[in-house]
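The values are calculated or read from the model by the stated rules, or taken from the named source; none is laboratory data. Since the model is a prediction, treat every value here as computed from it, not as a measurement. Counting neighbours? That spans all protein chains shown, and the Cβs are built from the backbone with ideal geometry, glycine included.
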Amino acid sequence: MISGPLDHFRSGYVAIVGLPNVGKSTLLNRLLSTHLAAVAPRPQTTRHRILGILNGPGFQAVFLDTPGLLQPKYALQQQMKRQIDLALKDADLVMLVLDASRPDPDRGQVPPMLSGRKVLAVLNKVDLVRDKSSLLSEVDRLNKEGAAEVFMVSALRGGGVEQLKAGVAALLPEGQAFYPPDAVADRPEKFFAAEFVREAVFNLYGEEIPYSTAVVVDEFKERPGRKDYILVTIYIERESQKAILIGRGGMAMKRAGSMARRQIEAFLGRPVYLELRVKVAEAWRNDIRFIRENVYGSDRPSGTA
């Protein structure tokens with residue numbers, strides 16, 4: 001463990017992996033002190049590899065947030081699993097995030113897919129565990145299974161996160177920075193606009209709607225002296241879902257738009273005019289061409305191919 005600047009500059013890619021809903025995106029946002037990744041109480045909110053850059057004294061950690069580990073059931077989930085595989089391919093270090101508050105007999109185990117890799121294990125949501133000593137057996141098991149370090153944190157409240165940053169920095173290989181010192185991400189602004197709209201949908205709608213939606217930014221215009229103009233299409237799989245998404249008198253859509261606009265403005269640091277529209281793309285989650293063009297299209301990160 002380190003407490004101050006490193007003797008030599010260290011840099012590397014850190015893949016954040018774990019089961020759905022263990023708090024990976026919340027942890028990334030906390031590490032960066034920036035709302036970068038979409039967060040919702042539903043599993044499988046994350047669909048992309050989201051790259052976030054942490055610069056500290058003597059190090060640069062490039063985090064790759066990934067979708068939750070799963071067995072794919074349809075084309076979209078197959079592409080989500082591919083995002084995990086690509087992140088692991090690039091990673092110098094793997095951060096395995098586990099939900100300390102969820103009873104799970106396998107929680108203290110390193111997945112076989114991570115065998116032979118440098119793994120830093122993170123027991124998250126420890127603020128929800130009354131007896132922290134009950135986790136010591138899992139810490140011991142993770143250490144015996146090859147975890148380089150094990151940390152207990154609360155991504156939501158921030159507990160243990162500074163120690164985690166220091167642990168990550170100490171495990172990175174020596175090397176030069178990959179990105180400028182003021183960089184936070186490598187995606188275009190329109191990518192995050194789409195993510196904040198999708199986050200609003202995941203937080204505001206019922207069980208079926210969020211997973212049936214795809215969000216595409218059709219226009220993103222910076223207008224000096226005026227609000228930026230952002231036109232977004234939300235695709236749904238069935239006509240019946242379209243009415244639910246819009247709501248009576250358009251009120252549901254207005255609420256989602258207002259929530260997304262506030263997040264976009266906070267991220268960009270400037271006012272925007274956000275226009276949302278809804279279209280039907282039947283069964284798009286099994287349409288690999290639609291997925292490649294509209295979900296995993298031209299916004300692929302430039303530094304992590």
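Name every residue in the range 119-132 that is modelled with pLDDT of 85 or more and surrounded by fewer than 19 Cβ atoms within 10 Å (Cβ to Cβ), in order of residue number. Quick ask: steps written out before the conclusion?
To start, the set of residues in the range 119-132 that are modelled with pLDDT of 85 or more comprises 119-131.
Correct list: Asp127, Leu128, Val129, Arg130, Asp131.
State yes or no: is Glu219 on the phi < 0 side of the Ramachandran plot and at pLDDT below 95? Steps first, answer last, please.
Values: on the phi < 0 side of the Ramachandran plot: yes; at pLDDT below 95: no.
No: the conditions fail for Glu219.
Working carefully through the options Gly146, Gly160, find the one that is touching a helix residue (DSSP H, G or I) at 6+ places or on another chain (Cβ under 9 Å), assigned by TED's automatic domain parsing to the domain that holds Met113, exposed (fewer than 15 other Cβ atoms within 10 Å of the Cβ) and more than 30 Å from Trp284 (Cβ to Cβ). Before you say what the answer is, go through the steps one by one.
Details: Gly160 fails: exposed (fewer than 15 other Cβ atoms within 10 Å of the Cβ).
On inspection, the qualifying residue turns out to be Gly146.
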Completion exercise
Scanning the range 222-243 for residues that are small (Gly, Ala, Ser) and surrounded by 13 or more Cβ atoms within 10 Å (Cβ to Cβ) gives Ala243
Practice task
Considering only residues that are crowded, with 16+ Cβ neighbours inside 10 Å and of a type in the set (A, V, I, L, M, F, W, C), look in the range 253-267 and name the one that is nearest to Val184 (Cα to Cα).
Solution key: Phe267
Completion exercise
Filtering the range 44-72 down to residues that are under 29 Å from Leu128 (Cβ atoms) and surrounded by fewer than 18 Cβ atoms within 10 Å (Cβ to Cβ) yields Gln44, Gly56, Leu69, Leu70, Gln71
Fill in the blank from the handout: Taking the range 257-274 and keeping only residues that are modelled with pLDDT of 95 or more and among the aliphatic types (A, V, I, L, M), one is left with Met259, Ala260, Ile264, Val272, Leu274
Handout entry: Matching residues in the range 128-157 - criterion: being touching a residue at least 40 places away in the same chain (Cβ under 8 Å) and of a type in the set (Val, Ile, Thr)
Key = Val153
Exercise for the section: Return the only residue of Phe191, Phe196 being closer than 18 Å to His35 by Cβ and either touching a Phe, Trp or Tyr at 6+ places or on another chain (Cβ under 9 Å) or surrounded by fewer than 13 Cβ atoms within 10 Å (Cβ to Cβ) (or both). Expected result: Phe196
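Taking only the range 15-39 into account, find how many residues are in a loop (DSSP other than H, G, I, E, B), of a type outside the set (A, V, I, L, M) and farther than 15 Å from Ala266 by Cα. Reasoning before the result, please.
In the first step, residues of the range 15-39 are kept if they are in a loop (DSSP other than H, G, I, E, B); the result is 18-23, 33-39.
Now narrow it down to the ones that are of a type outside the set (A, V, I, L, M): 18, 20-21, 23, 33-35.
This time we only want the ones that are farther than 15 Å from Ala266 by Cα, so: 18, 20-21, 23.
Of the residues in the range 15-39, 4 are in a loop (DSSP other than H, G, I, E, B), of a type outside the set (A, V, I, L, M) and farther than 15 Å from Ala266 by Cα.
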